[in-house]
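Novice: Quick one: structure below, then a few questions.
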Amino acid sequence: MSSKPLTKIQKKILQIAKKKFSKNGYQKTSMNDIVSTAGVSKGVLFYHFHSKEELFFQVLSQGIDAEFQRIFRLLENEGKKLFKKKENLFDDLKKYYDLAIAGTKDFERLWLEGRIESENNVKLRQMMEKKDKEITQILFEGLKISREKIGILQKYDDKELMEIVKGIIVVMRGLFIEKLSGKDQQESKNTWARIMFIIYTSKK
């Protein structure tokens, strides 16, 4: 899909597809099922979304973009007092978890579905790899800002900082799986905050 604003029918299809994929998973959701619920023809569906992989990816991509927008808004509003001083980092990480990470199960479930399916689906894997690069760059820029503002990871150059970002992404993916497996939320929060604190305060 292009970057043009979504039409009313595209929004409707994506909304229904998100519900179907979230509830039934990628494999058990058919394009026929989406067509039937959306009340459109198959021709209309495939005109806007050329394949099941593309439709699923657009649902997931929108979810990722929406999550980042939500987090940016939180940091500008409720979270504007967070990450201002290095000495408050651990407590701020726990507060950030409650604000931005605690209630994202639907998005995490979709992400996990995409990961599982992309193992044997080359087209979907290529789409997700492209999105992964975008996410990595966003986190990299954010970590550079934190390095300058609160003095974390100061002795790491940009290349090393990128490696740290990739490690953070691995931690986040593990957190998603932990949350979806039903692990105690408080335990997950404390574990995540401790790991992130160790990463952010590491020295060369």
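The values are calculated or read from the model by the stated rules, or taken from the named source; none is laboratory data. It should be emphasised that the depicted structure is a prediction, and the values quoted were computed from it without experimental measurement. Cβ: placed from backbone, ideal geometry, glycine included. Neighbour counts: every protein chain shown. All accessible areas refer to the heavy atoms of the entire protein, side chains included, with ligands and DNA or RNA removed. Shrake-Rupley method; radii C 1.70, N 1.55, O 1.52, S 1.80 Å.
Novice: Looking at Lys95, Lys23, Lys84, Lys80, can you tell me which residue is assigned to a helix (DSSP H, G or I), closer than 26 Å to Gln137 by Cα and open to solvent by 90 Å² or more (accessible area, probe 1.4 Å)? Talk me through it step by step, then tell me what you get.
Specialist: Numbers: Lys23 fails: closer than 26 Å to Gln137 by Cα; Lys84 fails: assigned to a helix (DSSP H, G or I); Lys80 fails: assigned to a helix (DSSP H, G or I).
Testing whether each residue is assigned to a helix (DSSP H, G or I), closer than 26 Å to Gln137 by Cα and open to solvent by 90 Å² or more (accessible area, probe 1.4 Å) leaves just Lys95.
Novice: In the set Ile164, Ile135, Ile152, which member is more than 20 Å from Phe83 (Cα to Cα), open to solvent by less than 70 Å² (accessible area, probe 1.4 Å) and modelled with pLDDT of 90 or more? Spell out the reasoning first.
Specialist: Working: Ile164 fails: more than 20 Å from Phe83 (Cα to Cα); Ile152 fails: more than 20 Å from Phe83 (Cα to Cα).
Result of the check over Ile164, Ile135, Ile152: Ile135.
Novice: To continue, here is another question. Among (1) open to solvent by 50 Å² or more (accessible area, probe 1.4 Å); (2) in a helix (DSSP H, G or I); (3) more than 22 Å from Arg125 (Cα to Cα), there is one condition Val35 misses while meeting the rest; what is its number?
Specialist: Just one mismatch for Val35, condition (1).
Novice: Next question, about the same structure. Every residue in segment 48-68 that is open to solvent by 40 Å² or more (accessible area, probe 1.4 Å), more than 16 Å from Asp106 (Cα to Cα) and among the polar types (S, T, N, Q), please.
Specialist: none
Yes or no, residue by residue, for (1) out of contact with any Gly (no Cβ under 9 Å at 6 or more places or on another chain); (2) over 27 Å from Ile152 (Cα atoms); (3) at pLDDT 90 or above:
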position: Ala17; (1), (2), (3): yes, yes, yes
position: Thr29; (1), (2), (3): yes, yes, yes
position: Gly43; (1), (2), (3): yes, yes, yes
position: Tyr47; (1), (2), (3): yes, yes, yes
position: Phe72; (1), (2), (3): yes, no, no
position: Lys80; (1), (2), (3): yes, no, no
position: Gly103; (1), (2), (3): yes, yes, no
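Novice: Here is a further query. Can you tell me how many residues within segment 100-125 are touching an Asp or Glu at 6+ places or on another chain (Cβ under 9 Å) and either in a helix (DSSP H, G or I) or among the aliphatic types (A, V, I, L, M) (or both)? Please lay out each step first, then the result.
Specialist: We begin by selecting, within segment 100-125, every residue touching an Asp or Glu at 6+ places or on another chain (Cβ under 9 Å); these are 100, 104, 107, 117-118, 121, 123-125.
Cutting the leftovers down to either in a helix (DSSP H, G or I) or among the aliphatic types (A, V, I, L, M) (or both) gives us 100, 107, 117-118, 123-125.
So the count comes out to 7.
Novice: Residues of segment 159-175 being of a type in the set (A, V, I, L, M, F, W, C) and under 21 Å from Arg115 (Cβ atoms), which ones?
Specialist: So in segment 159-175, the residues of a type in the set (A, V, I, L, M, F, W, C) come out as 161-162, 164-165, 168-172, 175.
The answer is Val165, Ile168, Ile169, Val170, Val171, Met172, Leu175.
Novice: Right, next: Using beta carbons and a limit of 7 Å, which pairs, at least six apart or on different chains, have the first residue in segment 82-111 and closer than 14 Å to Arg194 by Cα and the second one charged (D, E, K, R)?
Specialist: Correct list of pairs: Lys94/Lys189; Tyr97/Lys189.
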